[in-house]
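For reference, the structure is listed below as structure tokens.
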Amino acid sequence: MGSGVCRNLLNKGYALQVWNRSPEKAAKVAGWGAEAFATPQEAARGAGVVMSCLSSVAALKAVAGGASGVFSCMGEGMAFYDMGTWDIESVLALDAEAERHGVRYVHMPMGKGPEAAEAGESPLFFGIGEAFYLGDVKAACAFKLITNLIGLSNNVILTEGVFLAKRMGLSEEAFLNGAKSTGAWSYQMRNSGHKVFAEAFLPMRGTLDNAWKDMKFGVEMAEE
């Protein structure tokens, strides 16, 4: 999702200093006009704002916090925009650590998926997608976990429905086109219905790992 955000920011004329745990991904974005750096600290120095799009909270804490983290090299009052999906406890801890460094921690969870990020449809800022204020960092985190619980559950129901439609002899075109005028229609069906009909599920390892992480955090929040 981060590469889609970078492409849209570059297309709108913003200068980007980038770093990625996988150097080849940073090199790809550099090919679009960004400047790639060897460390996150180097990429953050001199920036107007810092944005993070990581897949694990351990990676985020390693990049942002600690004596050599990004927080420590950011200027007083600068904003750190975190686009990941985490548990409430980790978000509050990051917010507190940023405050100790004089940095504004903004939890800015993105919705939908990589395709939406590439199309500039994720809820962001700078004229990309629809921006809206949810409340403090705890509220923003809760919002993302709840909407992910709903969206991922919709995907499960969508998959069951498509396989039932195939067993009943309904064509892909008839089923998906007809569903547009019913209460079954959803972003998940628009985005994934054709893939489910084609059983085009691979490669899924990273996607499943992220889905499991998000569902786990959401269920833990609900239980607490």
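Worth a mention:
- Computed from Cα atoms, the angle from the helix 2-11 axis to the main principal axis of the chain rounds to 70 degrees.
- The range 1-121 - charge dipole about Cα centre, Lys and Arg +1 at Cβ, Asp and Glu -1, debye rounded to 20: 280
- Accessible carbon and sulfur surface of the range 1-128 relative to its total accessible area, %, 1.4 Å: 51
- Pairs of alpha carbons in the range 1-55 separated by more than 17 Å make up 26% of all such pairs.
- Label point distance in nm, residue 198-residue 185, each placed 7 Å from Cα along Cα→Cβ: 2.2
- Between helix 187-197 and the chain: long-axis angle, C-alpha atoms, 0 to 90°, nearest 10: 60
- Orientation-averaged projection of the range 39-142 equals 6.4 nm² [convex hull of Cα atoms, one quarter of hull surface area].
- With 27 Å as the limit, the listed pairs 144/195; 12/112; 138/195; 25/195; 138/216 have 138/195 beyond it between alpha carbons.
- Simple rule: put +1 on each Lys or Arg Cβ and -1 on each Asp or Glu Cβ in the range 78-221, find the dipole, and look at 88, 221, 197; the Cα lying farthest toward the positive end is 197.
- Cross-link partners of residue 180 among aspartates and glutamates (Cα-Cα below 15 Å; sequence separation of 8 or more within a chain): 172
- Table column - 3J(HN,Hα) (Hz), the range 162-177, Karplus curve with 6.51, -1.76, 1.60, x for Gly and Pro: 5, 5, 5, 4, 5, 5, 8, x, 7, 6, 4, 4, 5, 5, 6, 5
- In this structure, the amide hydrogen of residue 110, modeled 1.01 Å from its nitrogen in the peptide plane, lies closer than 5 angstrom to no residue at least 5 positions away or on a different chain.
- Whole-percent carbon and sulfur share, accessible surface of the range 177-224, 1.4 Å: 59
- Distant-in-sequence amide contacts of residue 51, defined by a placed amide H-H separation under 5 Å and a gap of 5 or more residues or a different chain, comprise 81.
- Taking other residues whose beta carbon is less than 12 angstrom from the beta carbon of residue 52, and scoring Lys, Arg as +1 and Asp, Glu as -1, yields +1.
- Principal-axis tilt of helix 88-100 within the chain, Cα atoms, nearest 10 degrees: 20
- With all protein chains kept in place, the per residue accessible area of the range 1-124 amounts to 47 square angstrom at a probe of 1.4 angstrom.
The values are calculated or read from the model by the stated rules, or taken from the named source; none is laboratory data. Worth saying up front: this structure is predicted, and the values here are computed from it rather than measured. Neighbour counts run over all protein chains shown; Cβ positions are idealised from the backbone, glycine included. Please note that ligands, DNA and RNA were not included when accessible areas were found on the heavy atoms of the full protein model with its side chains. Shrake-Rupley method; radii C 1.70, N 1.55, O 1.52, S 1.80 Å.
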